[in-house]
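Chemist: Quick one: this structure, given as structure tokens, is what I'll be asking you about.
The values are calculated or read from the model by the stated rules, or taken from the named source; none is laboratory data. Note that this is a predicted model, so its numbers are computed, not measured. Counting neighbours? That spans all protein chains shown, and the Cβs are built from the backbone with ideal geometry, glycine included. Heavy atoms of the whole protein, side chains included, go into the accessibility calculation; ligands, DNA and RNA do not. Shrake-Rupley method; radii C 1.70, N 1.55, O 1.52, S 1.80 Å.
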Amino acid sequence: MLDRMPSFPAFRPRLVQDLRSYNSERLFKDMGAGATVGIVALPLAMAFAIASGLKPEAGLWTAIIAGFLISALGGSSVQIGGPAGAFIVIVYGIVERYGLANLLISTLSAGVLLFLMGFFKLGSLVRYVPISVVIGFTNGIAVLIALSQLRDVLGLQIDKMPADFFQQIATLSRHIDTFNPWAFGLAVACVLGLFLWPRLWANESGFRKKLDEIDAVSALKATSRVPAPIIALVSLTLLAWALKLPVETIGSRFGGIPQSLPAFQLPSFSWETVKLLVVPTLTIALLGAIESLLCARVADQLSDRPKHDPNQELMAQGVANAVVPFFGGMPATGTIARTVTNIRAGATSPVAGLVHAATLAVVVLAAAPLAKHIPLAVLAGVLLFVAWNMGEWKEFARLKQFSGHYRLMLLSTFFVTIVFDLTVAVELGLVLAVVLFVRRQSEIFRAEPRGAASGRLHYQLYGSLFFGAVAKIDRIVDAVESAPEGAHVVLDASQLISLDTTGLDALEQLHKSLDKRGGYLSITGLNEQPRSLIVRSGFAAKLHPVD
């Protein structure tokens, strides 16, 4: 009895394994990488929260708390967790429809679901989502993120943006007369700066070569290591403050960021509310699982550390999302941009993720009052750049290289994500994937005639005989009914890969049709799976042996 019990994964955080061979050299590398990522995460965490309809501190403390837990308990050596751009559209929609309190309940419930997915070893199932569906909804989310930032990019006087795509466009159009050129200038400068900064310091750039020629001081060259978002955030904030530009800031909209630890709070919980939040909860859990495991796979390709454990990663994501709602946080997952930054900065273990969280906490507690001067147009520019990098736009140009099935899944998921919502898009994408897979597999199955002799009809079976392909057996039935009575049908199944119960029923119907006409059915060359099903069902006893 005990042998039949399902096996569950042990809770083995990668941090515990990495610390067994830890040394001071790795510690210094992790501290440097963690500090770098912490600085990069600062503007992103605030921008993601504001774009989601939340206060900036919700994003900051999510990055700190969830980032710490995901690194401490996760299954990857280098993945960084926190609020992600992919959640903006989902969170904004939930806040609009259900309110902030229900967002916290939905995030908590999604955390429990994520933990159970990891506990029951479902991490590998996320990889079965077709890449065309992933690209479709990722590009769709990128478009929606960019659209949601146009209010602050253009400096429009809009109290609250709706969640619906068409209503957003209509709202932006109605308020276009409130356009603020100063805000637009800051946003454009931010995007251009984020684009040009890394290229300015590239080894092959003329600027870098000129500095090398004049033997520029190391302090000047050291600025090349400062992340572009921080350069944009600090420089443009100082510019707006010094010139007293008439633009909206964090302080004018939110009153600043509290310089204190977040208060522990219990969301108002009831089963009736949970029932109403099933779809948002599933959306957060599904998106969090897909994002975190895709990010971990990217990290595996870029890092020389051991491959990630998907089930452990999901359990860590679950714990993080179950905890952050008690501190007013938002959903969290693995983040590709910060993870790649972490790897390139030299991270060797989850200690870098812990340092990243600690760095953010120190900055928030020490410099929170300064954040009130940050123009929202600058944060919107950061998110526009994130949205651009998030989308895989080259895939649209490559569509002509792929099949019609691939194009249909990608484009339908993309447009439905934009026009309706992500949940419907993923559901549609998966349904289309299944339907198109069934159609393709049914086309692969063939029942080819191999001639007739001495009252025998010979057919060769190829592929998989399953519910989507049984119509091709009906053609043999039709041939039997037009043949002389007493016909003997021989099916060569040596090329038959698999057989399901619907396919078995089709064979039984063929046998019945032959039996009524005094004929026989024989099947030769059965492979293991079809033979097992035919024997277990008792159908083997009804078949006629081949002479």
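Chemist: Do you know which residues across the range 159-204 are at pLDDT below 90 and in a loop (DSSP other than H, G, I, E, B)?
Modeler: Selection gives Asp159, Lys160, Met161, Pro162, Ala163, Asp164, Trp201, Ala202, Asn203, Glu204.
Chemist: Ok, one more. Suppose we filter the range 301-323 for residues that are assigned to a helix (DSSP H, G or I) and in contact (Cβ under 8 Å) with a residue 12 or more places away in the chain; how many remain?
Modeler: 15
Chemist: Something else about it: Looking at the range 325-348, which of the residues that are in a helix (DSSP H, G or I) and in contact with a Pro (Cβ under 8 Å, 6 or more places away or on another chain) is surrounded by the most Cβ atoms within 10 Å (Cβ to Cβ)?
Modeler: The selected residue is Pro325.
Chemist: Can you name the residue in the range 129-147 that is under 12 Å from the mean Cα position of the chain (by Cα) and open to solvent by 20 Å² or more (accessible area, probe 1.4 Å) and is also nearest to Ile290 (Cα to Cα) among such residues?
Modeler: Step by step, filter the range 129-147, then rank; the result is Val129.
Chemist: Then there is this: So if I check each of Gly32, Gly59, which one is closer than 30 Å to Glu96 by Cα and either part of a helix (DSSP H, G or I) or modelled with pLDDT of 90 or more (or both)?
Modeler: Gly59
Chemist: Restricting attention to the range 302-324, and to residues there that are in contact with a Pro (Cβ under 7 Å, 6 or more places away or on another chain) and farther than 15 Å from Pro350 by Cα, which single residue is modelled with the lowest pLDDT?
Modeler: Among them, the one singled out is Asn311.
Chemist: Right, Val112: under 29 Å from Asp309 (Cβ atoms) and either under 14 Å from the mean Cα position of the chain (by Cα) or open to solvent by less than 10 Å² (accessible area, probe 1.4 Å) (or both) or not?
Modeler: For Val112, the condition - under 29 Å from Asp309 (Cβ atoms) and either under 14 Å from the mean Cα position of the chain (by Cα) or open to solvent by less than 10 Å² (accessible area, probe 1.4 Å) (or both) - is not met.
Chemist: Where the second residue is hydroxyl-bearing (Ser, Thr, Tyr) and open to solvent by less than 80 Å² (accessible area, probe 1.4 Å) and the first is closer than 25 Å to Phe48 by Cβ and part of a loop (DSSP other than H, G, I, E, B) and lies in the range 386-407, which pairs have Cβ atoms under 8 Å and are six or more apart or on separate chains?
Modeler: Every condition considered, the pairs that remain are Gly391/Thr138; Glu392/Thr138.
Chemist: Looking only at residues that are open to solvent by less than 30 Å² (accessible area, probe 1.4 Å) and touching a residue at least 24 places away in the same chain (Cβ under 8 Å) in the range 96-107, which one is nearest to Thr281 (Cα to Cα)?
Modeler: Looking at the filtered set, the residue picked out is Ser106.
Chemist: Another question, then. What are the residues in the range 267-288 that are hydrophobic (A, V, I, L, M, F, W, C) and either modelled with pLDDT of 80 or more or open to solvent by less than 50 Å² (accessible area, probe 1.4 Å) (or both), if any?
Modeler: Result: Val274, Leu277, Val278, Val279, Leu282, Ile284, Ala285, Leu286, Leu287.
Chemist: Can you say whether Ala263 is under 29 Å from Leu379 (Cβ atoms) and surrounded by fewer than 18 Cβ atoms within 10 Å (Cβ to Cβ), as far as the supplied structure shows?
Modeler: yes
Chemist: Let me ask something else. Just to be sure, is Leu125 touching a Leu at 6+ places or on another chain (Cβ under 9 Å), at pLDDT below 90 and open to solvent by 20 Å² or more (accessible area, probe 1.4 Å)?
Modeler: No, not satisfied.
Chemist: Next up: Among the numbered criteria (1) more than 14 Å from Ala47 (Cβ to Cβ); (2) of a type outside the set (Gly, Ala, Ser); (3) surrounded by 21 or more Cβ atoms within 10 Å (Cβ to Cβ), which single criterion is violated by Ile374?
Modeler: Here Ile374 clears every test but (1).
Chemist: Something else now. Being open to solvent by 10 Å² or more (accessible area, probe 1.4 Å) and under 21 Å from Thr107 (Cβ atoms) is the filter here; which residues of the range 289-309 pass it?
Modeler: Glu291, Leu294
Chemist: Please go through the range 325-353 and pick out each residue that is farther than 25 Å from Leu194 by Cα and either at pLDDT below 90 or in contact with an Asp or Glu (Cβ under 8 Å, 6 or more places away or on another chain) (or both).
Modeler: Gly328, Thr348, Ser349, Pro350, Val351
Chemist: Okay, moving on. Looking at (1) touching a Ser or Thr at 6+ places or on another chain (Cβ under 8 Å); (2) surrounded by 23 or more Cβ atoms within 10 Å (Cβ to Cβ), which is the only condition Leu156 fails?
Modeler: (2)
Chemist: Next question. Can you find a residue that is modelled with pLDDT under 85 and open to solvent by less than 20 Å² (accessible area, probe 1.4 Å) anywhere in the range 381-394?
Modeler: So far as the range 381-394 goes, yes, one or more of its residues are modelled with pLDDT under 85 and open to solvent by less than 20 Å² (accessible area, probe 1.4 Å).
Chemist: Test each condition in (1) open to solvent by 10 Å² or more (accessible area, probe 1.4 Å); (2) under 16 Å from the mean Cα position of the chain (by Cα); (3) of a type in the set (A, V, I, L, M, F, W, C) for Val351 and report the one that comes out false.
Modeler: (2)
Chemist: Sort through Ser106, Ser124, Ser132 and tell me the only one that's part of a helix (DSSP H, G or I) and either in contact with a Lys or Arg (Cβ under 9 Å, 6 or more places away or on another chain) or acidic (Asp, Glu) (or both).
Modeler: Going through Ser106, Ser124, Ser132 in turn, the sole match is Ser132.
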